[in-house]
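For reference, the structure is listed below as structure tokens.
The values are calculated or read from the model by the stated rules, or taken from the named source; none is laboratory data. Since the model is a prediction, treat every value here as computed from it, not as a measurement. When we count neighbours, we look across all protein chains shown, and the Cβ atoms used for this are built from the backbone with ideal geometry, even at glycine.
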């Protein structure tokens, strides 16, 4: 009865662990994506957009250079203003935002014949927080001389648009991944639940079977004990002829054998029902060993084998342990030894290995040795 | 069949490479003129006839050097800072060992060996001349000026080489250039 709540707690703990693992996985996935976005994708997009801004600015530099080499000062001023106004008119068709927000000119008056500062013009905005600044050299189309520098302020609308699109795609797909993880988590929890249910069912069935076997074995022992008892009594009756006494002896031996089998079944069912506990009692070890030796000796003699039983003097007479189990183990080992030995002999040796004395409770280690001249374990 | 394919591959590869080098030479020609125009002391580098002389140096491909020379000559205004420019196409020996001719700048049209390049740079340093090469990697090898091809073509300057040759450039030009620091 105590096991069931424990099992339930274990099952609930498993659910919690599985849930936690998946939550951690989802958090890790999202963190990795944010890191990838922040450290790789966004800077890369920014570099791409800056490069794009440079190309756009460079494409406009030629018309400014063309305007600057006009010979006539009045005409030059007019063409330059017109070019700058037109450049600042260009808009991104996707966002309808001006591509160039501002443009400043710095002219080399050693090359351009104009009063110093007269052409250093500034059109549009002179400051913007997020825009890209691109400085472009203005070369004379006629002589290739550097005639000045144009500083363009290019809108970051392209970057913003790209950034928004990529982010939307990336995190949209990550949400799909998260959903898949949640589905997998649900499936895993359902599977664990099913496995636990099946295990619980199997355990219940097994326990019922064991209980049935235990009860059956117990019920069988009562009439069997009567058969053994009465056959033994009858075999002592002198009125029976030797032939009948022999028959009664066979009935008795068969009954004993059947009882042994039933006891084994009972033991097995106890193991399966988890009721196999050590029952410690104080008993006379010498007496138990003699009984075991007696039982084995009969079988050994039948097969014309030798049986040696030795125990050292330091083996204590009275010990406390599960006598039944000790006897069972020794009988099993010796039974097997006799069964598989065709010539030679079987021996049982008992000796004290270690003794630890204490005021309240002393303990010792005994060594039981079973030796045979059989073929051994293949 | 395999040999045939291999020979096609071998034949095609230099052609692509040549196209790439040719484009760099053409783009470099314009930057070379801008570099000479940005030389603060360019006026002092005219010859006795008052003209600026530039040498297009080649090793074995005079035709290609001549093609670049045509690009330099065929400008609306082929002068630099209002000074007439005489463009000469010469092999390495003639360009470097010429005692009587004083060049304002030398333009490399072919890759030189390390020894020849060193000899050229030493000569240019001694004569206070600008050496320019649009060939990739030459600026890193010690040539004063070249081109950097990125989103746009920019002048590429080896500042240490410029200091060594005592070539002074306008700040405007330095501002728009990519600089190589050894």
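Could you check residue B:44 against (1) out of contact with any helix residue (DSSP H, G or I) (no Cβ under 8 Å at 6 or more places or on another chain); (2) surrounded by 21 or more Cβ atoms within 10 Å (Cβ to Cβ) and say which number it fails?
(2)
Has the stretch B:76-93 got any residue that is in contact with a helix residue (DSSP H, G or I) (Cβ under 8 Å, 6 or more places away or on another chain), farther than 24 Å from residue A:147 by Cβ, assigned to a loop (DSSP other than H, G, I, E, B) and away from chain A (no Cβ under 14 Å)?
There is no residue in the stretch B:76-93 that is in contact with a helix residue (DSSP H, G or I) (Cβ under 8 Å, 6 or more places away or on another chain), farther than 24 Å from residue A:147 by Cβ, assigned to a loop (DSSP other than H, G, I, E, B) and away from chain A (no Cβ under 14 Å).
Being at pLDDT 85 or above, under 60 Å from the mean Cα position of the chain (by Cα) and loosely packed, with under 15 Cβ neighbours inside 10 Å is the filter here, so list the residues in the stretch A:229-280 that pass it.
Within the stretch A:229-280, A:280 is the sole residue that qualifies.
Could you please give the count of residues in the stretch A:98-110 that are assigned to a strand (DSSP E or B) and more than 14 Å from chain B (Cβ to nearest Cβ)?
5
For residue B:173, all conditions in the list (1) part of a helix (DSSP H, G or I); (2) over 15 Å from residue B:33 (Cβ atoms) hold save one; what is the number of the exception?
(2)
Output the residue which, of all residues in the stretch B:114-153 that are within 14 Å of chain A (Cβ to nearest Cβ) and in contact with a helix residue (DSSP H, G or I) (Cβ under 6 Å, 6 or more places away or on another chain), is surrounded by the most Cβ atoms within 10 Å (Cβ to Cβ).
Taking the candidates together, the pick is B:145.
Can you tell me which of (1) touching a residue at least 24 places away in the same chain (Cβ under 8 Å); (2) surrounded by 13 or more Cβ atoms within 10 Å (Cβ to Cβ); (3) assigned to a loop (DSSP other than H, G, I, E, B) is the one residue A:149 doesn't meet?
It is condition (3) that residue A:149 fails.
In this structure, does residue B:151 turn out to be out of contact with any strand residue (DSSP E or B) (no Cβ under 8 Å at 6 or more places or on another chain) and closer than 30 Å to residue A:70 by Cα?
Yes.
Of the conditions (1) within 13 Å of chain A (Cβ to nearest Cβ); (2) part of a strand (DSSP E or B), residue B:57 satisfies every one except a single condition; which number is it?
Here residue B:57 meets the rest and fails (1).
When both residues are 6+ apart or on different chains and their Cβ atoms are under 6 Å apart, which pairs have a first residue that lies in the stretch A:14-39 and is closer than 19 Å to residue A:164 by Cβ, and a second that is surrounded by 14 or more Cβ atoms within 10 Å (Cβ to Cβ)?
A:33/A:174
Can you report the number of residues in the stretch A:111-145 which are part of a loop (DSSP other than H, G, I, E, B), within 9 Å of chain B (Cβ to nearest Cβ) and surrounded by fewer than 16 Cβ atoms within 10 Å (Cβ to Cβ)?
Residues meeting the conditions: 1.
Does any residue in the stretch B:154-182 that is closer than 16 Å to residue A:145 by Cα and more than 14 Å from chain A (Cβ to nearest Cβ) come within less than 9 Å, Cβ to Cβ, of a residue that is loosely packed, with under 15 Cβ neighbours inside 10 Å and modelled with pLDDT of 95 or more six or more places away or on a different chain, and which pairs are these?
Between residues of the stretch B:154-182 that are closer than 16 Å to residue A:145 by Cα and more than 14 Å from chain A (Cβ to nearest Cβ) and residues that are loosely packed, with under 15 Cβ neighbours inside 10 Å and modelled with pLDDT of 95 or more, there is no close pair.
Of everything in the stretch A:344-368 that's over 21 Å from residue A:283 (Cβ atoms) and at pLDDT 90 or above, which residue is surrounded by the most Cβ atoms within 10 Å (Cβ to Cβ)?
A:346
Tell me which helices (runs of 4 or more DSSP H) are completely within the stretch A:1-97 and hold 2 or more residues being surrounded by 12 or more Cβ atoms within 10 Å (Cβ to Cβ) and in contact with a strand residue (DSSP E or B) (Cβ under 7 Å, 6 or more places away or on another chain), or say none if there are none. Spell out how you get there, then give the answer.
Details: elements: A:3-36, A:42-68, A:73-89.
Qualifying helices (runs of 4 or more DSSP H): A:42-68, A:73-89.
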